[in-house]
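Report on the following structure.
The values are calculated or read from the model by the stated rules, or taken from the named source; none is laboratory data. Note that the coordinates shown come from a computational prediction; the quantities given were computed from them, not determined experimentally. All Cβ positions, even for glycine, are placed from backbone atoms using ideal geometry, and neighbour counts span all protein chains on display.
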Amino acid sequence: MAEILQEMADVLIKGDMKTISDLTQKALDQGYAAEHVLQKGLLAGMDVIGKRFKEGDMFIPEVLRSAKTMHKAMEILRPILAQSDVQSQGTFLIATVEGDMHDIGKNLVAMMFEGAGFEVINLGIDQKAQAIVDAVKEKKPNILGLSALLTTTMPKMEDTIKSLHEAGLRDQVKVMVGGAPVTAEYAEKIGADGYAPNAASAVDKAKEFLS
Amino acid sequence: MSTQKTVTMRIHPLGRTVRSAMGLTIRQALQEQGIYVDSPCDGQGVCGQCKIRVEPAEAVPETPHANISMKEAQAGIRLACQAIPKDDIQVFLPPTYRLDAQQAPVDETILINRYQAEGNIQPAVQVREADGRFWFSHTWTPSQEYPLQDWTFEVSPKGLALDLGTTTLAASLVCLSTGRELASAGRLNPQIDYGHDVLTRIQRASDPEGLDLLASSVQSGIQELIREICTQAGARPEHILDAVIGGNTTMLQICAREDPSPLGRMPFTVGLAGGCNYPAARFGLDIHPQARVYVPPIAHAFVGSDISAGLVAIQGFFESADTMLFLDVGTNGEMGVSTGKVRVLTSTAAGPAFEGSGLRSGMRAAPGAIQAVSYDGNDLQLQIIGPKNQEAHGICGSGLLDLVHTLLEIGVLDPSGRLMTREELFDLPPAVVSRVQKLDGKAALQLTDSVWLTQGDIRQLQLAKGAVRTGIDFLLHKAGLDPRDLQRIVVGGGFGNVLRPASLEGVGMLPPDTGEKVLFAGNTSQFGCVRLLLSTAAREKLEQDMAGVEHIGLAQDAAFMEAFVQNMLFPEPESLLSFAPSSIGGEPEIP
């Protein structure tokens, strides 16, 4: 792999927000295509981050810092990528359900999807079923991720899936659920398509759906 | 030399005279009369806890012990369990003594009609005798009197102080005449079978059947405790005429059969009023049927009467001009800051790590738990609860904090919380390096054959301490205080006295340079409930004080998440291997 792309991956893993923009620009100046920079620099780095997070060798503060670093690089790459006809992995819509204010787990999942090349729409926290249904209707994501950290708000995931049924949208989107109290059994019980115990394996699961 | 066969002891502050056979220890003589001095080693002369003072000092040979200085010995301080009087003496009891209710009639009959005059004791009930029958009334309705069955002058009215915790229940039986604690007991909350944390219980009790199940479960646990303390003190449950319950809001609401589900979701509506009295039956208490239960003020869905009661116990939160931080750490971390003028409270989910739960080798602070860890320059030294040679079964909250702090200091953990690899630890002694292993393919530290600290455990601690620290930072910010300006930090809850404040600071749970201000206060909820049992004035004052306290919600604050993430990191160590040689090995220093 080209030295500069390897350096980009390393800087991303370190979460060095100061150098990433310069490096990204430098890589483009050296003649690498934006898509190549994304794939071999950033996404290669994210792949390592995902693995290390799964192993416990990296933790939330570092991963979120890497996410911010990635955003810096994407500010430069996105306008160029938009002009080329690069295929995205798919569109991923994610929200924390109604009554639940927890942001971190959902954001980790969102960044892992970004890191895997998905187009990610992050609706935010405390999202009513109807708001999620409206967003599915409008954005037509391939995959919907629902997050709940509280046992008390978990039932809202089931409500949201019901609302998708009622709106006639259930077959158009794969629904994945997650959050500390959620289990594979619970996911099956409420009629979700998939469950993942952590952000990194959520991406693997999503790729299975789309393959 | 005296030739008498018995000695006479005048016991202060009871004002009783006790005669005992020559040759008995003072402890034995007191016990025969139903007077107990705290003695954790049960009279072996080991623990040094049963100190009393005698006069004249010459009448009782000295009882050498590390806890008694030469000056104290000259002043007549002796261990009750070892002291054998040679002559008549006066005995001065420590404030912690207990009376057996059945065998301590003399003073109580004197006191029964005059507890208003008895210093600070102002209970919420009064007992009156008329024509050989006994009646009791609540102080707020003195004309409404209830008959007392089988009552005599020898019986004293009793109060129940109950701490209703998510994990444990604790009860004290208190004599409402003298203010003495007559008995106390604790046990696990039987609801633990239905989930370890508050939210799981809320979920479980959110339908009528589940609520009934959980309410009956905790009520049966409380009944058992009441029977136990009554047996200890030789009292009967119907002698209990008043009760105070400190509990988190969820536990209170479930015990009172009030639907807890609104507590688990926005906007966190509390369904049970605090700062008022309820019939005993509301909480299923099998005490005198006309007894009332006082529930101290409830500030929020996650800041219950256990916290307001706790603030009564740590004197000065409302009265003093001192700047103070109060921290009660369990599954939920509740905290309060007082600047002397402004008082704010909040709470944050800490998870079960501090209670030794949810960890690979986690356990409660019980025999077999690693409770303290130090580094002797060669290897980790583990201190295990229990007799010498006790095998380690796991690690409890204080041990976890100590261990992680030590690992940070010697560089086995980097400030991100990652366990270093063996290759990175080349400059440490082999004894330490060889503890770094893989468990199920992931990094872990081996403490004994069966006890491990995994990378995942460290991540759990980072979440827990990060949440608590963020709560503290937000409170201090709200109160406009710099952490360095804090005068006192009072830590209540499950942490024992073993926990080193340096470790709280070292893992970053407390702000820098605050460790030396830490005082451990034990079960503040329980102590506060006892005080509230003994003083209606204290209840009124607390209600007024709590009305002036602001509660801030953290979950709704976007800045909270950002700060929380940063606080998951450990502080950068000032220098590696900065441990003091004096902390090497052996017993840890007990603050």
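Considering (1) out of contact with any helix residue (DSSP H, G or I) (no Cβ under 6 Å at 6 or more places or on another chain); (2) more than 11 Å from every other protein chain (Cβ to nearest Cβ); (3) under 30 Å from residue A:159 (Cα atoms), the lone condition that residue A:109 does not fulfil carries the number (1). When residues in the range B:8-52 are screened for being outside any strand (DSSP E or B) and closer than 12 Å to residue B:86 by Cα, 5 of them pass. I'm checking my understanding of the structure. Among residues of the range B:411-431 that are more than 14 Å from chain A (Cβ to nearest Cβ) and surrounded by 20 or more Cβ atoms within 10 Å (Cβ to Cβ), which one is nearest to residue B:364 (Cα to Cα)? Top of the filtered list is B:412.
The residues in the range B:182-229 that are within 14 Å of chain A (Cβ to nearest Cβ) and of a type in the set (Asp, Glu) can be counted, and the count is 2. The residues of the range B:74-91 that are under 33 Å from the mean Cα position of the chain (by Cα) and surrounded by fewer than 16 Cβ atoms within 10 Å (Cβ to Cβ) amount to a single one, B:75.
Taken together, A:106, A:128, A:139 contain a single residue that is surrounded by fewer than 22 Cβ atoms within 10 Å (Cβ to Cβ) and within 26 Å of residue B:268 (Cα to Cα), which is A:128.
Within 20 Å of residue B:541 (Cβ to Cβ), more than 14 Å from chain A (Cβ to nearest Cβ) and of a type outside the set (Ser, Thr, Tyr), is that true of residue B:298? In short, yes. Look at residue A:94 and say whether it is hydrophobic (A, V, I, L, M, F, W, C), farther than 15 Å from residue A:21 by Cβ and more than 12 Å from chain B (Cβ to nearest Cβ). When the stated conditions are applied, residue A:94 passes them.
Just checking, does the range A:164-180 include any residue being within 14 Å of another protein chain (Cβ to nearest Cβ) and under 12 Å from residue A:96 (Cα atoms)?
Yes, the range A:164-180 has at least one match.
Out of B:265, B:292, B:282, report the one residue that is within 14 Å of chain A (Cβ to nearest Cβ) and among the charged types (D, E, K, R).
Working: B:292 fails: within 14 Å of chain A (Cβ to nearest Cβ); B:282 fails: within 14 Å of chain A (Cβ to nearest Cβ).
Going through B:265, B:292, B:282 in turn, just one is within 14 Å of chain A (Cβ to nearest Cβ) and among the charged types (D, E, K, R): B:265.
Among the strands (runs of 3 or more DSSP E) confined to the range B:124-217, the ones with at least 1 residues that are of a type in the set (A, V, I, L, M), more than 30 Å from residue B:266 (Cβ to Cβ) and at pLDDT below 90 are located at B:125-130, B:181-188.
Please work out which residue is nearest to the other protein chains (Cβ to nearest Cβ), limiting yourself to the range B:151-181 and to residues that are acidic (Asp, Glu) and over 14 Å from the mean Cα position of the chain (by Cα).
Per the criteria, the residue is B:181.
The residue that is nearest to residue B:416 (Cα to Cα), counting only those in the range A:11-31 that are in contact with a Leu (Cβ under 7 Å, 6 or more places away or on another chain) and without any contact (Cβ under 8 Å) to a residue 60 or more places away in the chain, is A:11.
For every residue, the table says whether it meets (1) at pLDDT 95 or above; (2) closer than 22 Å to residue B:505 by Cβ.
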residue: B:350; (1), (2): no, yes
residue: B:359; (1), (2): no, yes
residue: B:376; (1), (2): no, yes
residue: B:419; (1), (2): yes, yes
residue: B:426; (1), (2): no, no
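Considering (1) away from chain A (no Cβ under 14 Å); (2) surrounded by fewer than 16 Cβ atoms within 10 Å (Cβ to Cβ), the lone condition that residue B:439 does not fulfil carries the number (1).
Residue count for the range B:53-90 satisfying the condition of being touching a helix residue (DSSP H, G or I) at 6+ places or on another chain (Cβ under 6 Å) and in a strand (DSSP E or B): 1.
Of all the numbered requirements in (1) part of a helix (DSSP H, G or I); (2) within 14 Å of chain B (Cβ to nearest Cβ), residue A:57 misses one, and that requirement is (1). Checked against the criterion of being closer than 16 Å to residue A:56 by Cα, β-branched (Val, Ile, Thr) and in contact with a strand residue (DSSP E or B) (Cβ under 8 Å, 6 or more places away or on another chain), the range B:387-403 contains not a single residue that satisfies it.
Evaluated against (1) crowded, with 24+ Cβ neighbours inside 10 Å; (2) modelled with pLDDT of 95 or more, residue A:100 falls short on exactly one condition, (2).
Taken over the range B:420-443, the criterion of being in contact with a helix residue (DSSP H, G or I) (Cβ under 7 Å, 6 or more places away or on another chain) and without any contact (Cβ under 8 Å) to a residue 24 or more places away in the chain is satisfied by B:422, B:425, B:428, B:433, B:442. Give the range A:12-41 a look and list any residue that's under 30 Å from residue B:440 (Cα atoms) and either in contact with a Pro (Cβ under 6 Å, 6 or more places away or on another chain) or in a helix (DSSP H, G or I) (or both), or say none. A:12, A:13, A:14 - these are the residues of the range A:12-41 that are under 30 Å from residue B:440 (Cα atoms) and either in contact with a Pro (Cβ under 6 Å, 6 or more places away or on another chain) or in a helix (DSSP H, G or I) (or both). Within the range A:156-201, the set of residues being over 20 Å from residue B:200 (Cβ atoms) and touching a Ser or Thr at 6+ places or on another chain (Cβ under 7 Å) is empty. Go through the range B:450-489 residue by residue and tally those that are in a helix (DSSP H, G or I), away from every other protein chain (no Cβ under 14 Å) and under 26 Å from the mean Cα position of the chain (by Cα). Counting residues in the range B:450-489 that are in a helix (DSSP H, G or I), away from every other protein chain (no Cβ under 14 Å) and under 26 Å from the mean Cα position of the chain (by Cα) gives 8. If the condition is being surrounded by 14 or more Cβ atoms within 10 Å (Cβ to Cβ), touching a residue at least 40 places away in the same chain (Cβ under 8 Å) and out of contact with any Lys or Arg (no Cβ under 7 Å at 6 or more places or on another chain), then the range B:382-398 contributes B:382, B:383, B:392, B:393, B:394, B:395, B:397, B:398.
For (1) on the phi > 0 side of the Ramachandran plot; (2) crowded, with 22+ Cβ neighbours inside 10 Å, each residue gets a yes or a no:
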{"residue": "B:325", "(1), (2)": "no, yes"}
{"residue": "B:342", "(1), (2)": "no, no"}
{"residue": "B:352", "(1), (2)": "no, no"}
{"residue": "B:358", "(1), (2)": "yes, no"}
{"residue": "B:361", "(1), (2)": "no, yes"}
